[in-house]
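Visitor: Let me give you the structure first, and then I'll get to my questions.
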Amino acid sequence: MKMISNNTEFEQIMAGDKPVVLDFYADWCGPCRALLPVLEAVGNDYAEDIVIAKINVEENPELAKKFSVRSIPAVFLIKNGGVVDQFTGIQSRAEINKRIDQLISMDIEKTNKLNIMPG
């Protein structure tokens, strides 16, 4: 799992060819800590197919604002520059695997900018 600590790292991950799963969290957030091992396991399962990255909302408020994050954990699934799915709170490993399978199988053309879906 990658840690994004600035806009440059965010842009580098977004420029890659793999779908991206962004996890917005805070260190003090209990549900965020509970979701972390699930995302780490999923990241291992899909290591060849996706990039999972964490963004601390307190250290990166501009990215949290860009995604209109209002509660955490907030997870965004992105393919070819566009948000195609999102959820907040804790999800089961099976549910996250299902969402990632759908993400990988989607046929979406590359976009030049991030299209953020309203939450």
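The values are calculated or read from the model by the stated rules, or taken from the named source; none is laboratory data. All of these numbers come straight from a predicted model, not from anything done at the bench. In this analysis, Cβ positions are derived from the backbone assuming ideal geometry, glycine residues included, and neighbour counts consider all displayed protein chains. Side chains included, ligands, DNA and RNA excluded: accessible areas come from the protein's heavy atoms. Shrake-Rupley method; radii C 1.70, N 1.55, O 1.52, S 1.80 Å.
Visitor: Pick out, in residue order, every one of the trypsin sites (Lys or Arg not before Pro) in region 1-105 that is DSSP loop and has at most 12 other C-beta atoms within 10 Å; say none if there are none. Spell out each step's value before the answer.
Guide: Details: sites: LYS2, ARG33, LYS54, LYS65, LYS66, ARG70, LYS79, ARG93, LYS98, ARG99; in loops: ARG70.
Passing sites in region 1-105 are ARG70.
Visitor: Output needed: percent of Cα pairs per 5 Å distance bin for the chain, bins running from 0 to the one holding the longest distance.
Guide: All Cα pairs considered, the percentages come to 2, 12, 24, 27, 22, 11, 2, 0.
Visitor: Output wanted: per-residue J couplings in Hz (rounded whole) for region 82-90, from phi through Karplus 6.51 cos²θ - 1.76 cosθ + 1.60, θ = phi - 60°, x for Gly and Pro.
Guide: x, 6, 10, 7, 7, 8, 10, x, 7
Visitor: Given charges of +1 on the Cβ of Lys and Arg and -1 on the Cβ of Asp and Glu, with all other atoms neutral, how large is the dipole of the chain about its Cα centre, in debye to the nearest 20?
Guide: Once rounded to the nearest 20, the dipole reads 300 debye.
Visitor: Top to bottom by accessible area (1.4 Å), largest first, where do MET106, MET1, MET14 land?
Guide: Accessible-area ranking of MET106, MET1, MET14, largest first: MET1, MET106, MET14.
Visitor: ³J(HN,Hα) across region 7-19 via Karplus (A = 6.51, B = -1.76, C = 1.60, θ = phi - 60°), whole Hz, x for Gly/Pro?
Guide: Along region 7-19, the couplings run 5, 4, 5, 4, 4, 5, 5, 5, 6, x, 8, 8, x Hz.
Visitor: Which is the longest run of the chain containing none of the GluC sites (Glu not before Pro) found in DSSP loop states (not H, G, I, E, B) with at most 15 other C-beta atoms within 10 Å? Could you put the intermediate results ahead of the total?
Guide: Values: sites that count: GLU48, GLU58, GLU59, GLU109.
Longest run free of exposed loop sites: 60-108.
Visitor: Amide H of GLN86: which non-local residues (sequence gap of 5 or more, or other chain) have their own amide H closer than 5 Å, using H built in the peptide plane?
Guide: LEU77
Visitor: Once you keep just the Cα pairs under 8 angstrom separated by 6 or more residues, what percentage relative contact order results for region 17-82? Each step should come with its number before you reach the end.
Guide: Details: 83 pairs, mean separation 38.3, N = 66.
58 percent.
Visitor: Based solely on its DSSP helices, what 222 nm [θ] is calculated for the chain when runs of n ≥ 4 H residues each add -39,500 (n - 2.57) and the sum is averaged over all residues, nearest 500 deg cm²/dmol? Don't jump to the answer; show the numbers that get you there.
Guide: On the way: 4 runs with 44 residues, N = 119.
Dividing the helical sum by the residues of the chain leaves -11000 deg cm²/dmol.
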